[in-house]
Amino acid sequence: MEFISPDQYDQLTASEAVALQKELRTKINITALNIPIRFIGGADISFNKFEETVYAGIIILKYPEMIPVDRVSIVATTSFPYISGLLAFREIPALLKAWNKLDQKPDVMVLDGQGIAHERRLGIATHFGLLTDTPSIGCAKTRLTGTYIEPADNPFAESPLFHKHERIGTVLRTKLKCKPVFVSPGHKVSIEQSVAIIKNCTRKYRIPEPTRLAHLLVNDIRILHKENNIPPLF
DNA sequence: GCGACAG
DNA sequence: ATCTTGTCGC
């Protein structure tokens with residue numbers, strides 16, 4: 001059961017999805033990226049509750065200036081439900097469609113969700129990195145698994161995130177008096193490097209620019225698509 | 001069995 | 001995730 005393309009994720013049962021994660025786990029690489037980063041990408045999904053249509057987008061930014069240089073988006077449909085721990089199976093098919101529209105791939109990607117900070121080390125960022133063979137980082141707004149001590153209330157205060165005696169990521173306070181974010185390597189980047197990169201991508205908001213702008217992008221696309229589908233009042 | 005549970 | 005106005009703190 002090794003050759004399942006993302007196009008068929010919709011047909012998988014939760015049990016089969018878990019089996020696939022266990023196979024992919026053996027391919028994870030979290031050694032440090034040793035090439036200079038010039039461009040970084042941010043990806044996200046938006047959708048209307050109760051609907052199967054999803055809007056996926058990727059924005060590319062110059063690093064470390066955080067200046068947007070490109071963006072792509074697509075509209076797709078998904079039937080795989082949201083199940084904690086299996087988020088990738090719902091969002092990756094659409095994300096890959098957007099990825100394929102990119103003329104120039106970025107040096108590293110930031111995904112809205114966990115990397116290896118996952119029960120089977122296969123958060124969406126790790127899954128995406130493995131399928132595209134691209135360095136990736138997971139930056140989630142809340143915890144999925146793992147234990148940690150609350151980081152101090154200072155910008156960039158951080159504390160390690162553990163799971164079964166293993167270091168799986170970092171809880172990072174990106175902004176004073178705001179809840180911290182959960183940073184973990186996706187693929188081809190180290191734990192230390194993932195945090196350093198996220199810090200360099202942080203500006204005036206809690207969410208780092210790649211993911212923050214990707215979220216704004218897909219939300220705009222969703223609203224636009226909605227307007228073009230609503231019959232005009234007159 | 002109970003509680004937790006990315007987006 | 002999305003819905004949705006005001007409101008409390010800095």
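All of the numbers you see were taken from the coordinates with simple rules; none came from a lab. Treat the numbers as computed from the prediction; the structure is a model and nothing was measured. Heads up, the Cβs are rebuilt from the backbone with ideal geometry, glycines too, and the neighbour counts pull from every protein chain shown.
Under 5 Å between amide H atoms, partner at least 5 residues away or on a different chain: which partners does A:A157 have, H built in plane at 1.01 Å?
So A:A157 has HN proximity to A:R173.
What order do you get for A:54-64, A:69-79 when each peptide is scored by the mean count of other beta carbon atoms within 10 Å, highest first? Working shown, then result.
Working: A:54-64: 23.0, A:69-79: 16.6.
In descending order of packing, they fall as A:54-64, A:69-79.
What are the ³J(HN,Hα) couplings of segment A:59-71, residue after residue, when phi is run through the Karplus curve with 6.51, -1.76, 1.60 and θ = phi - 60°? Round to Hz, x for glycine and proline.
10, 10, 10, 6, 10, x, 5, 6, 9, x, 10, 6, 7
Compute and list, largest first, the equivalent-ellipsoid semi-axes of chain A from the alpha carbon gyration tensor, each √(5λ) rounded to a whole angstrom. It would help to have the intermediate numbers written out before the result.
Numbers: eigenvalues 139, 99, 60 Å².
Here the semi-axes work out to 26, 22, 17 Å.
Mind checking which lysines have their Cα closer than 23 Å to the Cα of A:K179? Skip sequence neighbours fewer than 8 apart in that chain.
Result set, ordered by chain and number: A:K141, A:K199, A:K204.
Search the structure for amide H atoms under 5 Å from the amide H of A:R71, placed 1.01 Å from N in the peptide plane, and list their residues when 5 or more places away or on another chain.
Amide H to amide H, under 5 Å and 5 or more residues apart or across chains, A:R71 pairs with A:I60.
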